[in-house]
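The values are calculated or read from the model by the stated rules, or taken from the named source; none is laboratory data. As the structure is a prediction and not an experimental result, all values here were calculated from the model. Ideal geometry is used to build each Cβ from the backbone, glycine not excepted, and the neighbour counts take in all protein chains shown. Just the protein is used for accessible areas: all its heavy atoms, side chains included, with ligands, DNA and RNA removed. Shrake-Rupley method; radii C 1.70, N 1.55, O 1.52, S 1.80 Å.
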Amino acid sequence: MNNDKILKDFLAKDKAAELGGGTRKIEKQHQAGRMTARERIETLLDKGTFVEFDKFVTHRCTNYHMQQEKIPGDGIVSGYGKVDGRPVYVYAYDFTVFGGSLSLTNAGKIVKVQTMALKNGAPIIALNDSGGARIQEGVDSLTGYANIFFQNTIASGVIPQISAILGPCAGGACYSPALTDFIFMVNEKSHMFVTGPDVVKAVTHEEVSKEELGGAYTHNSKSGVAHFLGNSEEEVLMGIRELLSFLPSNNLEDAPARPAVDDVRREDERLTDLIPSDPNVPYDVKELIESVADDNYFYEIMPHFAKNVVIGFVRMGGRTAGIVANQPAFLAGVLDIDASDKAARFIRFCDCFNIPIITLEDVPGFLPGCTQEHNGIIRHGAKIVYAYIEATVPKITLILRKAYGGAYIVMSSKQTGSDVNLAYPMAEIAVMGAQGAINILYRNADDDRKAKELEEYAANFANPYQAAEKGYIDEIILPRQTRFKLIQALEMTQSKLRTNPHKKHGNMPL
Ligand code: HXC
């Protein structure tokens with residue numbers, strides 16, 4: 001055999017491997033409005049950068065005559081490539097091969113890229129589209145999942161891990177994405193559930209569609225499992241590229257800085273009147289975030305879940321910063337269980353990856369009521385305090401208006417370790433709002449007395465000056481100068497040196 005023949009053979013085999021489950025199944029995948037695993041990877045990565053590993057790996061299962069059905073690659077396409085010129089690792093389930101089900105051998109392919117991503121300090125992206133554990137393999141497949149979960153957990157906080165759910169993702173398979181930092185889903189095309197609608201009906205007699213049970217909107221708005229909702233696979237894949245642009249490759253690096261083209265001293269006169277003087281009148285805090293961010297651009301995370309708190313990334317003077325903001329336009333910006341979970345997890349992500357945190361505070365307090373108390377608002381609210389105190393990245397807090405009670409303390413107050421605390425002149429820093437306070441202190445007084453006391457309380461407490469007198473607020477700033485003041489604080493804290501005492505890990509309230 002001469003080399004020509006050998007090379008020809010190789011190229012034929014290589015091409016055949018790229019067909020996965022074959023043209024008929026690829027057509028079926030396209031008819032379902034879905035891309036193939038390879039098309040997804042090509043769309044995600046910089047053009048021509050994908051390098052595939054383990055293209056010829058096949059399973060070793062002999063149950064159900066499986067030895068007669070070996071497909072090169074065994075239903076996972078994996079390897080590495082680049083996003084915006086930076087290395088990333090990627091793997092995609094190929095639904096055309098045994099429904100993208102997980103075998104011991106293709107799990108080994110996943111673990112290989114997970115291990116390489118961790119060793120080389122680069123993000124890893126998982127593109128899920130799978131029928132779950134390969135039924136024919138039994139416990140071997142379950143072992144494969146365990147191996148993947150192990151790597152997910154060990155890599156947590158070291159490299160960014162991102163999951164896209166682009167088709168089915170059921171049973172224990174959901175726990176790999178759940179262990180990663182961010183989950184993207186495609187509207188009406190992707191589903192995640194531990195048990196599907198049929199099992200739900202059998203066990204609880206509930207009738208529910210798979211969309212309602214575990215569709216993209218459900219997980220983005222109700223369960224808080226997913227962070228991003230795309231209308232198409234392309235939108236999701238482009239969303240992942242954009243998310244990566246805000247992140248460092250690993251926990252020892254800073255996020256990539258962009259040249260600051262937007263004037264850092266840019267002022268915005270509209271901010272003077274954005275915050276209504278009546279504390280009961282809402283406004284949209286996202287207008288403020290967009291006003292102060294580079295290019296007025298805010299990359300929001302979890303926009304459909306717990307809307308009373310807003311989280312996401314901005315660039316300030318070219319550098320990534322995480323935003324945690326109360327949202328007065330939704331439930332008056334009150335802190336409840338879901339908002340606490342949403343904020344705490346994001347604070348911890350930022351801290352893992354050296355991203356400074358800007359907290360924009362306008363919060364009337366924690367949401368009262370049996371539902372909240374009985375579902376553990378104490379336990380969940382404690383996560384925010386824990387996450388802020390534990391975080392050693394630069395922390396800048398700006399009190400916009402209300403900063404009442406426990407919520408004032410937990411939203412990155414000076415004493416919980418914030419580095420720079422700013423306030424608008426309209427800020428109200430007190431144990432509670434004026435009306436509530438007077439109703440307690442002067443319960444039995446007549447209306448005239450109450451009105452007089454109300455005025456006095458407002459003059460004494462509904463302002464930032466008491467806190468400023470005591471040094472709890474570093475600077476009172478003019479709203480129109482917010483962008484510059486935040487950038488100044490970020491620059492001042494850029495080389496912050498602080499570490500927590502050595503420990504195995506803390507015992508965060510979960
Ligand atoms: C082996 C599977 C498979 C699986 C699908 N296939 N799931 N093969 N193991 N888990 C095969 C099908 O037999 C079929 O093969 C091909 O993939 C495509 O499947 P279809 O059913 O034709 O596709 P569709 O109608 O789109 O339905 C997709 C599906 C359905 C909803 C995912 O296939 C399904 O319900 N599969 C089983 C899901 C499941 O119960 N998995 C186990 C979950 S428990 P042919 O040859 O006909 O094309 C689990 C435990 C993990 O995963 C625990 C981790 C800790």
Distance between modelled label sites at ASN231 and HIS205, nm, 7 Å Cα→Cβ extension: 4.1 nm
Chain lengthening between HIS374 and ASN460 when straightened (0.36 nm per residue, less Cα-Cα): 27.4 nm
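Ordering VAL385, VAL88 by how much accessible area each has at a 1.4 Å probe, largest first, what is the list? Intermediate results must be reported in sequence, preceding the final value.
Working: VAL385 40, VAL88 5 Å².
Per-residue accessible area, sorted high to low, gives VAL385, VAL88.
Which longest uninterrupted range of the chain lacks any chymotrypsin sites (Phe, Trp or Tyr not before Pro) assigned by DSSP to a loop state (not H, G, I, E or B) and surrounded by at most 16 other Cβ atoms within 10 Å?
Numbers: sites that count: PHE56, TYR297, TYR442.
Value returned for the longest uninterrupted segment is 57-296.
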Which loop trypsin sites (Lys or Arg not before Pro) in the range 402-456, with loop taken from DSSP, have no more than 11 other Cβ atoms within 10 angstrom of their Cβ? ARG443
Accessible area of HIS505 in the full protein assembly, 1.4 Å probe (Å², nearest 10): 140 Å²
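Can you pull the percent of the chain's accessible area that's carbon plus sulfur, 1.4 Å probe, other chains left in place? If you can, show how the numbers build up before the last one.
Numbers: 12910 of 23570 Å².
Exposed carbon and sulfur together represent 55 percent of the surface.
Ranked from the most accessible area to the least, with a 1.4 Å probe and all protein chains present, what is the order of VAL139, VAL292, VAL111? Kindly include the intermediate steps, with their values, before the conclusion.
Numbers: VAL139 100, VAL292 5, VAL111 30 Å².
Listed by decreasing accessible area, they come as VAL139, VAL111, VAL292.
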Residue-normalised value, i.e. accessible area per residue, for the range 117-181 at 1.4 Å probe, in Å², stands at 33 Å²
What lysines does LYS503 reach when the alpha-carbon gap must be under 24 Å and sequence neighbours fewer than 8 apart in one chain are set aside? LYS119, LYS383, LYS395
Given the C-alpha centroids of the range 434-510 and the range 154-211, what is the distance between them in whole angstrom? 40 Å
Around ASP294, what is the net charge, scoring Lys/Arg as +1 and Asp/Glu as -1 over all other residues with Cβ under 11 Å from its Cβ? +1
What is the gain in length, in nm to one decimal, between SER277 and THR499 on full extension, counting 0.36 nm per residue of separation less the C-alpha to C-alpha distance? 75.9 nm
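Place a +1 charge on the Cβ of each Lys and Arg in the chain and a -1 charge on the Cβ of each Asp and Glu, then give the dipole magnitude about the Cα centre in debye, rounded to the nearest 20. Spell out each step's value before the answer.
On the way: 54 positive and 63 negative charges, 340 e Å.
Its charge dipole is roughly 1640 debye.
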Express as a percent, rounded to the nearest 5, the fraction of DSSP beta bridges in the chain (both residues included) that run antiparallel. 35 percent
